[in-house]
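Below: one structure, written as structure tokens.
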Amino acid sequence: MASPPLPASVLDLAPVVPVVVIEDVGDAVPLARALVAGGLPAIEVTLRTPAALEAIREIAREVPGAVVGAGTVIHPGQVAEAVAAGSRFLVSPGWTDVLLEAMRASGVPFLPGVSTASEVVALLERGVREMKFFPAQAAGGTAYLRSLSGPLPQARFCPTGGIGPDSAPDYLTLPNVGCVGGSWMLPQDAVAARDWGRVETLARAASALSAGGTCR
């Protein structure tokens, strides 16, 4: 299976982007294969563990159906490391001008994190229209994003943080939301047991989500 080409926007790869924390590099490939088989090709591996970069490298090399990216990118050095490991997109929980320029120079799509209207306006000034909204639930959830869609309709978001299968469809109904990020398809007990069949089943249900909870 060839790696799927990136669409015009990373927000359009799938309705849900799994947010993955990998502790054991040995889990990376089977976990990614389960997600891809379930219809979730975009996989955000967070740079929160020592295993993260090697996990990205393994997924990029061994799971051609995956579009693997790096999350929790918080300083410029991580940008180069993540891209060298095979990341095809970058996600940050927040941004600075220095980090933004490093992500822009990387040549891969990126989603800088925002949680306020002022941060959104600042990114729009800099020519960035696609962003991560984080922490979504704590920062105001669907009500906040709905409020932003009036004055700032040109901004599109991937909300992440506290979102689950019950709340995801409410986000996906918003005109300024392209996809959501979450980890509910990767319950800790399933990952610990290496129950990749369960992960695939949960991923398949997530891939079918759209506004109102129906398949798109």
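Just so it is clear, none of the values below were taken in a lab; they were calculated from the coordinates. Keep in mind that this is a model prediction, so the values were computed, not measured. Because the Cβ atoms are built from the backbone with ideal geometry, glycine has one as well, and the counts that use them run over all protein chains shown.
A compact table of results
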quantity: Residue count, the range 93-114 (criterion: over 13 Å from G77 (Cβ atoms) and within 16 Å of the chain's Cα centre (by Cα)); calculated: 10
quantity: Residue selected from the range 106-122 under the condition part of a helix (DSSP H, G or I) and either in contact (Cβ under 8 Å) with a residue 12 or more places away in the chain or of a type in the set (F, W, Y) (or both), by the criterion surrounded by the most Cβ atoms within 10 Å (Cβ to Cβ); calculated: V120
quantity: Condition broken by E130, with the remaining ones in (1) under 21 Å from P15 (Cα atoms); (2) without any contact (Cβ under 8 Å) to a residue 24 or more places away in the chain; (3) acidic (D, E) satisfied; calculated: (2)
quantity: Qualifying residue in the range 158-181 (condition: at positive phi, in a loop (DSSP other than H, G, I, E, B) and either in contact with a Lys or Arg (Cβ under 7 Å, 6 or more places away or on another chain) or not acidic (D, E) (or both)); calculated: yes
quantity: Any hit, the range 191-202, residues being outside any strand (DSSP E or B), touching a residue at least 12 places away in the same chain (Cβ under 8 Å), of a type outside the set (A, V, I, L, M, F, W, C) and within 25 Å of S118 (Cα to Cα); calculated: no
quantity: Scan of the range 123-144 for residues that are on the phi > 0 side of the Ramachandran plot and loosely packed, with under 14 Cβ neighbours inside 10 Å, ordered by number; calculated: G127
quantity: Hey, D195 over 17 Å from the mean Cα position of the chain (by Cα) and farther than 26 Å from A70 by Cβ or not; calculated: no
